[in-house]
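Asker: Handing you a structure now.
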Amino acid sequence: MLRTDALTRLQSTGQYALELEAVSRHFGALVALADINLTVKAGERRAVLGSNGAGKTTLFNAITGDFPPTTGRVRLFGEDVTDLSIHERIRRGLRRTYQISLLFDGLSVVDNVYLACRGASRGRLSLRRPKPDDAMTHAAETLLDAVHLGAERESLVSELSHGQQRQLEIALALAGAPRFILFDEPAAGLSPTERSELIEILQSLPTHIGFIIIEHDMDVALRVAESVTMMHNGRIFKEGNPEEIENDPEVQELYLGGGHA
Amino acid sequence: MADLSLIAGKSRLPNIHPAALVAAVFLLFYPAFASNFFIFQVGAYTLVLGTIALSLMMLAGYGGMVSLSQLTVAGLAGYLMAILGENSVGVMGLGWPWWLTALTAILAASVFSALIGAISVRTEGIYTIMITLAIAVAFFYFVRQNYVIFNGFTGYAGVEPPVLFGIYWRDPTPFYYLSLAVAAFFFFAVLYGARSTFGLSLQAIRDNPRRMRAIGYDVTLHRIFAYWLAGLIAGTAGVLMVWFNGRISPGSVGVDIVIDILVIAVVGGMRHPIGPFIGALAFVLLENFAIDLIDRERFNTVIGLAFLLVVLFSPDGLLGLWMRIKNALKLKRRTLPESGGGQ
């Protein structure tokens, strides 16, 4: 409750959930990100669009610290996190999903989510087994139901279908009171039914949770996002609301194809 | 068999397998019918080697970290028993009481293990093996060349367990039960710990360290903590090892035995803490009886061939072989009655 109040205050003072200041990322001679300046307000839902190789996933990696930026600063809720390790950023409320599911194949579904819930709290090094009435176990169960995986709680991750693995990927990002989430193509490879379930999950997230979503499926991206950032060749190419972006002639030329009406 | 499973199923501990009950009863009453040779050289030695290999199984099976310095950790504990306690060589031997010596030796070994972890956890796979092997080799040469503390090539002799409650603990039966108690304690601790929060997180780190960081875990810290715990196991087994041999020298921590520990863990199977003990039993039996099958000079060939066969036909060791046979039998039993159709 306190957390929500604090966030409401942050939103009202206009503080940003995420601020990128002149962020660049080089891989040898390749410039994957060039001078990115980006701000996302607390609670804002933003879609990042762009063709393959535009630098969208590299942008996520720079934010989480998977591949720290070569130059520039990253601020999370006003705090400079550029020099912090990945897990320290996560403990400050940042979460992410991966384009290709990164799960714990040898563990059960519920253990995957339990660990994600525990990751953002105390007792990570506990040598005791979690009790059935443990708060984190409860949180994991609730989360599994929310992503429609309740029936699979004891299954091994390696036994899940692709769609179910994508849902679990999202559950891991939602665990442990997230404040800001980076979704990397969550709809990739999903069936139409699973897609609408995904949209429903994203739309029903508490309003204080902001996110950035990378999505090639425009239908998904534009239905869940209130603002759009277009990337091209490692740079921000255009920003605006979904209608503006959709109707922008340059965007249509570059991304949606010249013939798009 | 069916009756036994029924009893096990009705008890308060429904997960106890009838085979485990039989094994427990056998281990408890083993000295009642076995000769001193079988109690000490086979029984106790299997338990000591199995416990050292258990520390490797915990790191490798649950944590994905194949460390070749677990025997080195055990060896340091063994050396400290001789250095801080009593020995018959006339070098060092500070004469500390046995319990203080043992406690210090185990704790020092665990810290040493954590340090090895701190050095090696930033590497993965073959590089972890190389670094930990290098540490093991360095330790071997260090103790061989250092005469002031480790008494060089000769090492130490006359390192004995205490006489406690009127029992001389190096006698076969008391030493067997001491080894059994230590082995059982760590076996159940690892079995329990595998489902603890830390145990689950260790297995998750094995599966996907990158994702573990992305849900808030300090992967490096967790890995070092695992090395520290494994050091407690290996260190305790090291105390038993020096009591078992009565002596310790560079040969006790040589590369050949370092590899033996790896062979024991791999042959037994790394998926369950019972694996290292099965591997140790196979190893000890072969080591003792291969000579009966072939010339003394060639008995290592028999051991090598036996292990090659196991690894070739069952990459997850004897334990994996047993699981496959069990699953095949279960499948057969299930398909037979249903072959007429239905379900």
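Asker: If we sort A:205-214, A:68-77, B:157-166, B:271-280 on the protection proxy, mean other Cβ atoms within 10 Å, highest first, what's the order?
Answerer: Most protected by this proxy first, the peptides run B:271-280, A:205-214, A:68-77, B:157-166.
Asker: Taking each pair of distinct Cα atoms in chain B once, what is the resulting Kirkwood hydrodynamic radius in Å? Intermediate values should be presented prior to the final figure.
Answerer: Working: mean 1/r = 0.0469 Å⁻¹.
Evaluated over chain B, this radius sits at 21.3 Å.
Asker: Sticking with this structure for a sec: Using only Cα atoms, tell me the angle between helix B:70-84 and the longest principal axis of chain B; keep it within 0 to 90° and round to the nearest 10.
Answerer: 40
Asker: Can you run the Rg to Rh ratio on region A:55-132? Use alpha carbon positions and the Kirkwood inverse-distance Rh.
Answerer: 1.03
Asker: Mind pulling the angle between the C-alpha long axis of helix B:98-120 and the longest principal axis of chain B? Nearest 10 degrees, somewhere in 0 to 90.
Answerer: Approximately 70 degrees, to the nearest 10.
Asker: Listed highest first by mean packing, meaning other Cβ atoms within 10 Å per residue, what order do B:67-74, B:116-123, B:238-245 come in?
Answerer: In descending order of packing, they fall as B:67-74, B:238-245, B:116-123.
Asker: Less than 11 Å Cβ to Cβ from B:Gly63, Lys/Arg counted +1 and Asp/Glu -1: what total charge do the surrounding residues give?
Answerer: The answer is +1.
Asker: In addition: Which value results when the Cα radius of gyration for the protein assembly as shown is divided by 2.2 N^0.38 Å? Before the final figure, lay out the partial values.
Answerer: Values: Rg = 29.3 Å, N = 604, 2.2 N^0.38 = 25.1 Å.
So the protein assembly as shown has a normalised radius of gyration of 1.17.
Asker: On the first, second and third principal axes, largest extent first, how far apart are the outermost C-alpha atoms of region A:108-176 in Å?
Answerer: 32, 19, 18
Asker: Using a 10 Å cut-off around each Cβ of peptide A:97-103, what is the average number of partner chain Cβ atoms that fall inside?
Answerer: Details: counts 2, 4, 0, 0, 2, 8, 4.
For this peptide, the per-residue mean of nearby foreign Cβ atoms is 3.
Asker: Something else about it: How high is the relative contact order of chain B, in percent, with contacts defined as C-alpha pairs under 8 Å that are six or more residues apart?
Answerer: Details: 506 pairs, mean separation 92.2, N = 343.
Dividing the mean separation by the residue count of chain B yields 27 percent.
Asker: Residue by residue through region A:33-43, what is 3J(HN,Hα) from phi via Karplus (6.51 cos²θ - 1.76 cosθ + 1.60, θ = phi - 60°)? Round to whole Hz and write x for glycine and proline.
Answerer: My calculation for region A:33-43 gives 9, 10, 6, 8, 10, 8, 10, 10, 6, 4, x Hz in order.
Asker: Let's test the formula: R0 of 60 Å, r as the Cβ-Cβ distance of B:Ile259 and A:Asn37. What FRET efficiency results, to the nearest 0.05?
Answerer: Step by step, r from the Cβ atoms, then E = 0.60.
Asker: What does region A:120-219 give for Rg and for Dmax, in Å, if only its C-alpha atoms count?
Answerer: 14.6, 46
Asker: Mind checking the angle between helix B:126-145 and chain B's longest principal axis? C-alpha axes, 0 to 90 degrees, to the nearest 10.
Answerer: Taking Cα atoms only, the helix is inclined about 30 degrees.
Asker: Something else about it: Work from the charge dipole of the protein assembly as shown (Cβ charges, +1 for Lys and Arg, -1 for Asp and Glu, about the Cα centre) and give the residue of A:Val23, B:Thr123, B:Ile39 farthest towards its positive end.
Answerer: Among A:Val23, B:Thr123, B:Ile39, the one farthest towards the positive end of the dipole of the protein assembly as shown is B:Ile39.
Asker: Towards the positive end of the charge dipole of region B:208-316, with charges on Cβ (+1 Lys, Arg; -1 Asp, Glu), say which of B:Val311, B:Gly251, B:Val219 has the farthest Cα.
Answerer: Of the candidates, B:Val219 comes out farthest on the positive side.
Asker: Place a +1 charge on the Cβ of each Lys and Arg in the protein assembly as shown and a -1 charge on the Cβ of each Asp and Glu, then give the dipole magnitude about the Cα centre in debye, rounded to the nearest 20.
Answerer: 1460
Asker: Right, next: Mean shadow of region B:44-158, computed from the convex hull of its alpha carbons, in nm²? Write down the numbers at each step before the final one.
Answerer: Values: hull surface 30.0 nm².
That works out to 7.5 nm², a quarter of the Cα hull's surface.
Read-outs throughout are calculated quantities, based only on the coordinates presented, and are distinct from any laboratory measurement. Treat the numbers as computed from the prediction; the structure is a model and nothing was measured. Using ideal geometry, Cβ is built from the backbone for each residue, glycine included, and neighbour counts are taken over all protein chains shown.
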